[in-house]
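*Asks:* I am attaching a structure below and will ask some questions about it afterwards.
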Amino acid sequence: MGQARDVWPRLRVDDWSDTRDTLHMWTQIVGKVRLVHAPLVNHWWQVTLYVSPRGLTTSAIPYWGGAFDIEFDFVDHRLHLRASDGGTGGFALAPMPVSEFYDRTMRALADLGIETAIQGRPNEVDPSIPFADDDRHASYDAAAAHLFWRQLLQAARVMGEFRSRFVGKVSPVHFFWGAMDLACTRFSGREAPRHPGGAPNCGDWVMEEGYSQELSSCGFWPGGGDEGAFYAYAYPEPEGFADRPVGPSGAFYSQENGQFLLPYEVVRAASDPDQALLEFLQGTYEAAADLADWDRSALEADPARWAHKARVREPHTFAT
């Protein structure tokens, strides 16, 4: 697996921006398929994608008495569709316009007997070109897509460790296709003031649901730095949040974005990338929780709290 820094790949945003923008539209199409078939879960958690050992997956989507899933495979560069009745489908990921990807995805679903009609244009982007008409976004650099997935693997792994320290309400580590970011969100347990909305081509009611509870959120997205950036914010933002000192060196509060940012390249180049990212995630969470007076003693726990039990158990013997 290599040394710690070797598993954090280098991928300059400028080197794959066309592929990034195309892939953003592709993930919106697949995410909207999950949206129309899965029941609402608080904060739209039912619409997200998840990092998988091969790429990004919807996980199981209910359909009548069965289920299906869709996965972007960034190792073999294919879109895979699998149904619980044994049916499979898909096609190669290669340079193609969004309109073609949309048509092929809808036909692949129809071939599996999965009737699907999605909202035919993207959200949270401007302009919002209907998928069927979008011939502007047509790039796919397979090597860059693979590197992006490897970035997501590392981010998801460390964010998952950070998530394990919280026993209150906390989201999965999941990929929101609206903004194309990997996110994990902790909640205080209190209601939040109504969110003002304002995301492009996205109803204010969407943001009202997403931000209906007081939260501290963190994540990674392919922007905000030369190689992407980790972010952290609070809603509502408590007084003094932006002025809170947060490590590691290189982290800063962006007034433009209304959140703390840590460039990915700072983490990648650190002597201990995992620890550098955990310092950022923990420090920004503590800024939100302390300043907003969260009940931290009730919401946090040591993920190694049962380790002493494991140490005194008889060791397993494995046949070889």
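The values are calculated or read from the model by the stated rules, or taken from the named source; none is laboratory data. Predicted model only: the values in this text are computed from it and were never measured. No Cβ is skipped: glycine too gets one built from the backbone with ideal geometry, and neighbour counts run over all protein chains shown.
*Asks:* Does Gly113 qualify as being loosely packed, with under 14 Cβ neighbours inside 10 Å and in a helix (DSSP H, G or I)?
*Replies:* no
*Asks:* When you go through Gly224, Gly210, Gly160 one by one, which is the residue that is within 16 Å of the chain's Cα centre (by Cα), at pLDDT 95 or above and under 26 Å from Asp126 (Cα atoms)?
*Replies:* Gly210
*Asks:* Within the stretch 243-265, can you find the residues that are without any contact (Cβ under 8 Å) to a residue 24 or more places away in the chain and surrounded by 15 or more Cβ atoms within 10 Å (Cβ to Cβ)?
*Replies:* Residues satisfying the conditions are Gly250, Tyr253.
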